[in-house]
Amino acid sequence: MNKPVLLLLDNVWDQGDLETLLQMDLLNPGSRVIITTRLERVLDQFEIHGLEDEAGKQLLRSSARMNDTMMTEALLACEEEIVKECFGV
């Protein structure tokens, strides 16, 4: 079966583990990898960037099941702070 897969690597701490996994050539065409880490050095060898602020806000809203009409001034301020702190999410 050559189906694309979604691989989610959550809370990666060791760059070596990530390198080993990605060198194994397990991903079929069309596959995607999502990596979360708090350590910038883990991603240094890859050209990976955070989302732009607006894309981060949209991701945050959809994850919280919120739409534009539900956003109060307090929620907008909170959203701005979260996106800024998380570098675009």
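The values are calculated or read from the model by the stated rules, or taken from the named source; none is laboratory data. Just so it is clear, the model here is predicted, and its values are computed rather than measured. All Cβ positions, glycine included, derive from the backbone under ideal geometry; neighbour counts span all protein chains shown.
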Considering region 36-70, residues that are in contact with an Asp or Glu (Cβ under 8 Å, 6 or more places away or on another chain) and modelled with pLDDT of 80 or more, and then whichever is nearest to D10 (Cα to Cα), we arrive at T36
- Mind checking whether some residue in region 67-78 is within 18 Å of the chain's Cα centre (by Cα), surrounded by 13 or more Cβ atoms within 10 Å (Cβ to Cβ), outside any strand (DSSP E or B) and not β-branched (V, I, T)? no
Restricted to region 25-34 and to residues being hydrophobic (A, V, I, L, M, F, W, C) and outside any loop (DSSP other than H, G, I, E, B), the residue farthest from the chain's Cα centre (by Cα) is V33
In region 1-24, residues that are in a helix (DSSP H, G or I) and not hydrophobic (A, V, I, L, M, F, W, C) total 6
Subset of region 7-34, residues touching a residue at least 24 places away in the same chain (Cβ under 8 Å), under 15 Å from Q45 (Cβ atoms) and of a type outside the set (A, V, I, L, M, F, W, C), comes to D14, Q15, E19
